[in-house]
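Here the structure is laid out as structure tokens; the discussion comes afterwards.
The values are calculated or read from the model by the stated rules, or taken from the named source; none is laboratory data. Model, not experiment: these values are computed from the prediction. Neighbour counts run over all protein chains shown; Cβ positions are idealised from the backbone, glycine included. The area values use the complete protein model at the heavy-atom level, side chains included, leaving out ligands, DNA and RNA. Shrake-Rupley method; radii C 1.70, N 1.55, O 1.52, S 1.80 Å.
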Amino acid sequence: MMNWTITYYSESLQNEILDLPAGFLARFLRYADRMELYGPDLGMPHTRARGEGLFELRLKAAEGIARVFYCTMIGKRIVMLHQFIKKTDKTPPKELAIARRRLKEIKDAYS
């Protein structure tokens, strides 16, 4: 039985994720399966809370490092908000800002 449902901020985001390099996509799909079973918190090094209801899925593969930001909603729903491939050690503020803006949109729409 599926406990959690994963949805996406938009169809274009879903396509961006599905278009990630093979190593990232394989990790994403594996973790997404686990999240549907066990919930949004897989623990480090796979998931990390970023505060105010924002979380990141941490993908490491031969291609490098990618992040997918997500949030949770009532009714055991996980919403993927934004993805990017990391080029530096720190998450660029611009990427975090996109994720936070989308988080707010989602929360506002459902409150």
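Remarks
- P(r) weight above 21 Å for the chain, C-alpha pairs, percent: 30 percent
- Percent antiparallel among DSSP beta bridges (both partners in the chain, rounded to 5): 85 percent
- Longest site-free stretch - the chain; sites: trypsin sites (Lys or Arg not before Pro), DSSP loop, at most 16 other Cβ within 10 Å: 1-75
- Residue-normalised accessible area of the chain, expressed per residue, 1.4 Å probe, Å²: 58 Å²
- Relative contact order (%) - the chain, alpha-carbon pairs under 8 angstrom, separation at least six: 26 percent
- 21 Å Cα-Cα reach of residue 90 towards lysines, excluding residues that sit fewer than 8 places from it in its own chain: 60
- Note on the stretch 51-111: Rg/Rh from Cα positions, Kirkwood definition for Rh, rounded to two decimals, is 1.01.
- Of the GluC sites (Glu not before Pro) found in the stretch 23-93, the ones in coil according to DSSP and having at most 15 other Cβ atoms within 10 Å of their Cβ are 52, 63.
- Most fluctuating residue given options 32, 22, 66, as computed from a GNM of the chain linking Cα atoms under 10 Å: 22
- Of all accessible heavy-atom area on the chain, the percent that carbon and sulfur account for (1.4 Å): 55 percent
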